[in-house]
Structures are given as C-alpha cells and as structure tokens.
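One structure below.
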Amino acid sequence: MQKIKMPVPLVEMDGDEMTRIIWDMIKQDLILPYIDLNTEYYDLGLKYRDETNDQVTYDAANAIKKYGVGVKCATITPNAQRVEEYGLKEMYKSPNGTIRAILDGTVFRAPIVVDGISPSVKTWKKPITIARHAYGDVYRNTEYRVPANTKFEMIFTTDGKETRLPVFEYEGGGVAQGMYNTDKSISSFARSCFNYAIDTRQDLWFATKDTISKIYDHTFKDIFQEIFDEEYKEKFDELGIEYFYTLIDDAVARVIRSEGGYIWACKNYDGDVMSDMVATAFGSLAMMTSVLVSPDGNYEYEAAHGTVTRHYYKHLDGEETSTNSMATIFAWSGALRKRGEMDQNDALVKFADALDKASIRTIEEGVMTKDLALLWEKGNKKVVNTHGFIKEVATRLDQELKEIM
C-alpha cells in the first residue's frame, strides 16, 4: 500500500531505558512501513535533558501548544541515585510535571481491555477512565513537625491586611500541613474533563467530600457545576451523556457496582490512588493508557508506566526480555488518531484504529508477554519476547490494513 501522508507534524518526545528501545521497535515495525511519518522530534532522554539544562522539555511542551498533538515515551525523573548514575548537573524535575504545567492539562488514564483477562471486579465490563487534577493539594503542601505547647494559626495577607484563622493548640507534639488550589486551575480541570467527555462521548462523574470540606472541596463542586451549566449542558444533552456529582465515598461504592464505561474525575490525591486501583483491578499498569488534555484542546499521549529499568539492565547484559509494549503502542495510535481527526485525515484515523485492533487481536489470539501470561484465563498461550510481540502485532496489522485500505 502507498504510505499515508501527514501534512501536519505531531510532536515526538523520545525517552529513557527499555521504553526507548521499545519506542524504536514500534516505529520501525508498526509505523514507518505504513506512514510517511512527520514529527517534530525532541529527545527527552535524561542525558540530553542534562546537556540542555532541561530546556528541551520546555521546548517540547511549547511545540505541543503549536501543533496540538504530541506523543511521549516514558522518561526518568531523577532521584539522588540517578544523579550519581548519570553524572547529572542537578536533580531535574519530572518532565511530565513540567509539560503538564505548561499545557495546564488534566491527565486521563484508561485501561486497555482484552477478552481473556478479566478485571478483578467482576461487574466491570467497560473501561473506567480516571481524570486526575494533577495540581496543588497535598502534592504542593507545606508541612511542619510541631513541637509541644504550640499554637497553630493560618495567616492570609490581602493588600497588606492580615486575616488570622486559629487551627489548633498543641499540648504535646504533632504534625501540621497547609495546602492550596486556585480557581484558575480548578476551572481548567473542569473544562478539560467536560471537553474530554464530549470528545469520547462518555458520562462524566465527579466526586469530592464537600460535606466535610465546606469551602475547599465545595469550591471544586461549585466551579464544576457553574461551568457545566453555562458552557456544556446543552452539548451534553445533545449527545445524550450525563454529568453526575456525588460524594467521594459514594462514588467509590458506585464504581465497584458499575459496569464501567465512564470518566471519573478526581481531585489530585484521589486520582493518584484510584488510577492505580483501577489499573491493577483491570490487570496491569502496562495496559493503562494516558493522555494529557489541556482546556484549549492540546493533547499529549503516553504510556502510564515508567521506563522498565529492570528489563533495561537485562537488555544491556544481553539477556532476553519480555516487556509489554501495549500502552506505548496505544500512545502512538492515540496521537496518530487525534492528528488525523484534527486534520480530517481519514486514512490516518483508519490506520490508528487498525493498529489498536491488531494489538488487541494479538493478545486475544493467545500471543503475549510474560506479565499477561500470568493473568491469562483462556486456553493455550504463546509467551514471546519484547520484539517478538511487536512483530506479531505487525503481522496482524498487515491483515487489518488489507481489509480496510
């Protein structure tokens, strides 16, 4: 077949360790044979981030704002051990956090569901997408180990005028923390959620604990409702989808009893916990997709997992690995599909759909990496190595494309 053209580039962000190896395999076997790939490339590997003093991360994020779509390989967020291992100039921030802040985006994570690997929660039949407000709250808190006989107050200074709020008086020692969020960030979170629900035509659930947190959490609830009523209700009604608010504890109970098939918007901590719970219950973090969506319509796709360091060291030692590439494949297909949708490039959209279908077919026909073999519930299975799985997908991709192109 003639290669599919891409008049407008997408932003390609390379990464680290085993996922960088997989990234190249996917391009060589699943994309370049079929697409005249047009990307603006940024190397977010840790060594090059260090060479550029992390400027490459900022450049990549701004390129996404320019072109509207990006696809990112997993990257290392360095700790002290990594600083020593790579001889870094400093302990750089998370690339994901930097990109998220520049795009003002919300992270949406959803499992890849395949027949033959059942969720631990037997009522779940469809994917549950977690929308996490990845800003502020406990992740940007200020903490203090409080000595005995201490009075804890909060002081707010507005135009030079102080407001003092008593919190607690300690007789013995204890702990204290202060945290915050902003109307702007909450509004961006709300719009990203509503836009993504419209884009995917799914119901949107949102939950906080506003009965206890009558100002902090209640503000989240109020801003969501105001924006929905003023900007999105008509479109939701037109599409036949629902916005539903409830308390976080009630939401958890409803989620467990549900069959899935909706977006669950969560505050920062709730989203952190619940996304891992949903991923684990559906089978594997390696089967979890992730897309960052900004309120003004920019998209960045990636796998939800890390760089698979242990497998990378085995690869460097010449040992065989069986690393699951599904989430990284779906990052590429998601970005290509969105590029096609934005550009009205039907061939690109069809290719992305075929890539997803071929990947799922591979597993459902009993061919998989070791992590999924442990979860497989059907008959015979064929466990393959990292590159072997991608080659199996390529065989089925050829078949899918012959039927539709």
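The values are calculated or read from the model by the stated rules, or taken from the named source; none is laboratory data. Treat the numbers as computed from the prediction; the structure is a model and nothing was measured. When we count neighbours, we look across all protein chains shown, and the Cβ atoms used for this are built from the backbone with ideal geometry, even at glycine. Accessible surface areas use protein heavy atoms only, side chains included; no ligands, DNA or RNA. Shrake-Rupley method; radii C 1.70, N 1.55, O 1.52, S 1.80 Å.
Among the residues of the range 116-135, the one identified as modelled with pLDDT under 95 and outside any loop (DSSP other than H, G, I, E, B) is R132.
Would the range 265-273 turn up any residue that is crowded, with 20+ Cβ neighbours inside 10 Å and charged (D, E, K, R)? Yes: the range 265-273 contains one or more residues that are crowded, with 20+ Cβ neighbours inside 10 Å and charged (D, E, K, R).
Of all the criteria given as (1) within 29 Å of D317 (Cβ to Cβ); (2) surrounded by fewer than 20 Cβ atoms within 10 Å (Cβ to Cβ); (3) at pLDDT 95 or above; (4) under 22 Å from the mean Cα position of the chain (by Cα), the one not satisfied by Y67 is (1). Listed by first and then second residue, the pairs with beta-carbon distance under 6 Å, at least 6 apart or on different chains, first residue in the range 377-405 and within 17 Å of D356 (Cβ to Cβ), second of a type in the set (V, I, T) and modelled with pLDDT of 95 or more, are F389/T369; E392/T362; E392/V367; V393/T362; R396/T362.
Is it the case that F351 is touching a Ser or Thr at 6+ places or on another chain (Cβ under 6 Å) and either not charged (D, E, K, R) or not assigned by the TED database to the domain that holds L37 (or both)? In short, no.
Looking at the range 46-67, can you tell me whether even one residue there is within 21 Å of M326 (Cβ to Cβ) and either in a helix (DSSP H, G or I) or out of contact with any helix residue (DSSP H, G or I) (no Cβ under 6 Å at 6 or more places or on another chain) (or both)? Spell out how you get there, then give the answer.
Start the filter on the range 46-67 by keeping residues that are within 21 Å of M326 (Cβ to Cβ), which leaves none.
Scanning the range 46-67, I find no residue that is within 21 Å of M326 (Cβ to Cβ) and either in a helix (DSSP H, G or I) or out of contact with any helix residue (DSSP H, G or I) (no Cβ under 6 Å at 6 or more places or on another chain) (or both), so the answer is no.
Considering only the range 1-43, state which residues are assigned to a helix (DSSP H, G or I) and in contact with a Ser or Thr (Cβ under 8 Å, 6 or more places away or on another chain). Within the range 1-43, E17, M18, T19, R20, I21, I22, W23, M25, I26 qualify. When the range 318-346 is filtered for residues that are in a helix (DSSP H, G or I), farther than 17 Å from G68 by Cβ and touching a strand residue (DSSP E or B) at 6+ places or on another chain (Cβ under 8 Å), the ones remaining, listed by number, are A327, T328, F330. Close Cβ contacts (under 8 Å, 6 or more residues apart or on different chains) running from residues in the range 225-239 that are hydrophobic (A, V, I, L, M, F, W, C) to residues that are outside any helix (DSSP H, G or I) and surrounded by 13 or more Cβ atoms within 10 Å (Cβ to Cβ) comprise F228/Y243; F236/E242; F236/Y243.
Only one entry of S258, S188 meets the criterion of being under 28 Å from A101 (Cβ atoms) and either touching a residue at least 24 places away in the same chain (Cβ under 8 Å) or touching a Cys at 6+ places or on another chain (Cβ under 9 Å) (or both), and that entry is S188.
For residues that are in a helix (DSSP H, G or I) and either touching a Ser or Thr at 6+ places or on another chain (Cβ under 6 Å) or on the phi > 0 side of the Ramachandran plot (or both), tally how many sit in the range 79-111. Count: 3. Considering only residues in the range 92-121 that are closer than 22 Å to A286 by Cβ and of a type in the set (A, V, I, L, M), the one that is nearest to the chain's Cα centre (by Cα) turns out to be V107. Only one of the listed residues (Y58, Y48) is surrounded by 14 or more Cβ atoms within 10 Å (Cβ to Cβ) and within 21 Å of the chain's Cα centre (by Cα). That residue is Y58. Restricting D36, D29 to residues that are acidic (D, E), closer than 25 Å to M287 by Cβ, in the same structural domain as G306 (by the TED database) and surrounded by fewer than 21 Cβ atoms within 10 Å (Cβ to Cβ) narrows the list to D29. Each residue in the range 224-244 was checked for being in contact with a helix residue (DSSP H, G or I) (Cβ under 6 Å, 6 or more places away or on another chain) and closer than 16 Å to A131 by Cα, and 2 of them qualify. Within the range 371-388, which residues are open to solvent by less than 20 Å² (accessible area, probe 1.4 Å) and under 23 Å from the mean Cα position of the chain (by Cα)? Once the filter is applied, which keeps residues that are open to solvent by less than 20 Å² (accessible area, probe 1.4 Å) and under 23 Å from the mean Cα position of the chain (by Cα), the range 371-388 yields L372, T386. Against the numbered list (1) surrounded by fewer than 14 Cβ atoms within 10 Å (Cβ to Cβ); (2) β-branched (V, I, T); (3) within 22 Å of the chain's Cα centre (by Cα), T158 comes up short only at (3). The set of residues in the range 201-224 that are touching a residue at least 40 places away in the same chain (Cβ under 8 Å) and small (G, A, S) contains only A207.
Note on the range 221-271: among residues that are aromatic (F, W, Y) and within 20 Å of V293 (Cα to Cα), the one that is modelled with the lowest pLDDT is Y269.
If you take the residues of the range 302-317 that are of a type in the set (G, A, S) and out of contact with any strand residue (DSSP E or B) (no Cβ under 6 Å at 6 or more places or on another chain), which of them is surrounded by the most Cβ atoms within 10 Å (Cβ to Cβ)? I'd like the intermediate steps shown before the answer.
Filtering the range 302-317 for residues of a type in the set (G, A, S) gives 303-304, 306.
Now narrow it down to the ones that are out of contact with any strand residue (DSSP E or B) (no Cβ under 6 Å at 6 or more places or on another chain): 303, 306.
Working: A303: 29, G306: 16.
Residue satisfying both the conditions and the ranking: A303.
Filter the range 358-405 down to the residues that are touching a Ser or Thr at 6+ places or on another chain (Cβ under 8 Å), within 30 Å of A347 (Cβ to Cβ) and of a type in the set (D, E) and list them by number. Selection gives E392 alone.
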